């Protein structure tokens, strides 16, 4: 992650909300032209997403209800990085919690900002292969269905609108390219 000098120095910052997953603040900033403006910012801890591919070339996706969309979404497994965890450790934990597997091999695909216009969440994307069944209890507020989709059909699934969230689109296309399935 490249860091640049602060082109919009913060003059003041006001906390609006502090929650379990996010904090919201409004910053007053100095613009390059000398004027002031406000920035509404959602602070979110770093996170991971993972494309688990089984020995048959299938991606193990998760279907779960997402209240903001009022719908069920098909996604790659993902989750937050807990305090003291590395992105790799978080990925291994999330694999067990969400799809009931561990992976012999984790490959870093990329890392990216999810919504840099208003959110500080930075996500690390991984490819997981050499899957072995190993269950961890899932979060008590998650109800997940595991769905297998051929990696070779990733672009088709995205193109048909069956996958609609940005992290899954990016991670699946990166994994397909890494495995030569694009």
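Things worth noting here:
- Qualifying residue in region 1-22 (condition: under 30 Å from residue 151 (Cα atoms) and out of contact with any helix residue (DSSP H, G or I) (no Cβ under 8 Å at 6 or more places or on another chain)): yes
- Members of region 30-40 found to be surrounded by fewer than 14 Cβ atoms within 10 Å (Cβ to Cβ) and without any contact (Cβ under 8 Å) to a residue 40 or more places away in the chain, listed by number: 31, 32, 33, 34, 35, 36, 37, 38
- Selection of region 73-107 for residues being within 11 Å of residue 49 (Cα to Cα) and in contact with a helix residue (DSSP H, G or I) (Cβ under 8 Å, 6 or more places away or on another chain) yields 75, 76, 77, 78, 79, 80, 81.
- So residue 68, is it in contact with a strand residue (DSSP E or B) (Cβ under 8 Å, 6 or more places away or on another chain) and in the same structural domain as residue 171 (by TED's automatic domain parsing): no
- Count - residues of region 57-72 that are free of Cβ contacts under 8 Å to residues at least 12 places away in the same chain and either under 17 Å from residue 100 (Cβ atoms) or touching a helix residue (DSSP H, G or I) at 6+ places or on another chain (Cβ under 7 Å) (or both): 0
- Set side by side, the residues 27, 23, 43 differ, and just one is under 24 Å from residue 124 (Cβ atoms) and free of Cβ contacts under 8 Å to residues at least 24 places away in the same chain, which is 23.
- Only listed residue being assigned by TED's automatic domain parsing to the domain that holds residue 162, in contact (Cβ under 8 Å) with a residue 24 or more places away in the chain, in contact with a strand residue (DSSP E or B) (Cβ under 8 Å, 6 or more places away or on another chain) and farther than 30 Å from residue 28 by Cβ, chosen from 114, 109: 109
- For region 135-151, the condition of being within 11 Å of residue 47 (Cα to Cα) and either assigned to a strand (DSSP E or B) or not assigned by TED's automatic domain parsing to the domain that holds residue 171 (or both) holds for none of the residues.
The values are calculated or read from the model by the stated rules, or taken from the named source; none is laboratory data. Just so it is clear, the model here is predicted, and its values are computed rather than measured. Using ideal geometry, Cβ is built from the backbone for each residue, glycine included, and neighbour counts are taken over all protein chains shown.
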